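The values are calculated or read from the model by the stated rules, or taken from the named source; none is laboratory data. Values in this document were obtained by computation on a predicted structure and should not be read as measured data. Here the Cβ positions follow ideal geometry from the backbone for every residue, glycine too, while neighbour counts run over all protein chains shown.
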Amino acid sequence: MKYHIVIFFFIALCSYSCHKTITLKLNSIPPQIVIEGEVTDSAGPYTVTINQSVPFYADNSFPAVSGAFVSISDGQVTDSLTETSPGVYITHILQGKPGNTYTLTVLARDTTFTAVSTMPQPIALDSITFQTRSLLKTNQITPIANFQDPAGIKNYYQFLLYINGVPFTRDIFVFDDRLSDGRYINNKLFLDSAYLQVGDQVQVEMNGIDANVYNYFYELSVSSGAGLFNTTASPANPSSNINNGAFGYFSAHTTVTSKSATVYP
């Protein structure tokens, strides 16, 4: 994922049948640390990756940051992670538990970065259904995640979609219960019609995330354009829950529930 700061310019040049390719001059900043890590309620080990950002027009090659000190603590147990490959660090003894608050500490390039995330209580995903509608002479098939939202508790959800066993990373799916607290939710995961066909096997994983992680992915989905998310580029930097100017996120979330279904005619 490329992280950069962008001032948008829209320039349209029309001169008879001639067209000129424009390369936008984007504001550039020095390379930044990019941290992505998680703790879940599934068995570990858990992974933290550390890379370095690159300019927008650079190749999609993000240098790994090796030699960092990385630890995750739940207030009682502190786990010092081991670098298993360049920029990839894994835990040893930590076990994620709903309700616990986790602190990530990274010392890299003479700077200390920290992030805090609280794992919510798990919520069951009941089923996956589908909505089919005709759109421009094609059938648009939309998966629907069905579940009961607990009343009186602020909840945030992230949905991971797999089509025929392959992770679908083109779009980001997040949801909060601000307008539907305590209701039975039928959350539509909108896709372009080209990506889901009759006979496909669909798996949906529902993660419970905290507010800061929700805000990060929500801003990322909005900045990338609805239905046009591409993990290779983002026109804005979402609000990270990691301090000292690092990009990325640290998430303590539940992953205990997923459902699969086949798309039928």
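Could you tell me which of the residues Ser127, Ser180 is in a loop (DSSP other than H, G, I, E, B) and of a type in the set (Ser, Thr, Tyr)? Lay out the reasoning, then the answer.
Details: Ser127 fails: in a loop (DSSP other than H, G, I, E, B).
Result: Ser180 is the single residue among Ser127, Ser180 that is in a loop (DSSP other than H, G, I, E, B) and of a type in the set (Ser, Thr, Tyr).
Being closer than 11 Å to Thr49 by Cβ and part of a strand (DSSP E or B) is the filter here; which residues of the range 65-87 pass it?
Val70, Glu83, Thr84, Ser85
What's the number of the only condition in (1) within 18 Å of Glu205 (Cα to Cα); (2) modelled with pLDDT under 95; (3) not aromatic (Phe, Trp, Tyr) that Pro98 fails to meet?
Unmet for Pro98, out of (1) within 18 Å of Glu205 (Cα to Cα); (2) modelled with pLDDT under 95; (3) not aromatic (Phe, Trp, Tyr): (2).
From the residues in the range 193-214 that are surrounded by 12 or more Cβ atoms within 10 Å (Cβ to Cβ) and in a helix (DSSP H, G or I), which one is modelled with the lowest pLDDT?
Ser193
Test of understanding: among Phe190, Phe147, Phe217, which residue is aromatic (Phe, Trp, Tyr) and in a loop (DSSP other than H, G, I, E, B)? Talk me through it step by step, then tell me what you get.
Values: Phe147 fails: in a loop (DSSP other than H, G, I, E, B); Phe217 fails: in a loop (DSSP other than H, G, I, E, B).
Just a single option satisfies the conditions, and that option is Phe190.
Could we say that Ile144 is among the β-branched types (Val, Ile, Thr), over 24 Å from Tyr102 (Cα atoms) and modelled with pLDDT of 95 or more here? Break it down stepwise before answering.
Values: among the β-branched types (Val, Ile, Thr): yes; over 24 Å from Tyr102 (Cα atoms): yes; modelled with pLDDT of 95 or more: yes.
So Ile144 passes the test.
Just to be sure before I move on: is Tyr184 at pLDDT 90 or above and farther than 22 Å from Asn215 by Cα in the structure I sent? Give the derivation first.
Details: at pLDDT 90 or above: yes; farther than 22 Å from Asn215 by Cα: yes.
Yes, satisfied.
Among the residues of the range 99-115, how many are crowded, with 16+ Cβ neighbours inside 10 Å and either part of a loop (DSSP other than H, G, I, E, B) or in contact with a helix residue (DSSP H, G or I) (Cβ under 7 Å, 6 or more places away or on another chain) (or both)?
1
What number of residues within the range 63-96 are β-branched (Val, Ile, Thr), over 17 Å from Ile242 (Cα atoms) and surrounded by 14 or more Cβ atoms within 10 Å (Cβ to Cβ)?
So the count comes out to 3.
Is at least one residue of the range 156-166 in a strand (DSSP E or B) and modelled with pLDDT under 90?
At the first step, the residues of the range 156-166 found to be in a strand (DSSP E or B) are 156-163, 166.
Subset that is modelled with pLDDT under 90: none.
No, there is no match, as no residue in the range 156-166 is in a strand (DSSP E or B) and modelled with pLDDT under 90.
Among what's in the range 221-265 and is closer than 13 Å to Glu36 by Cβ and at pLDDT below 90, pick the residue that is surrounded by the most Cβ atoms within 10 Å (Cβ to Cβ).
Taking the candidates together, the pick is Pro238.
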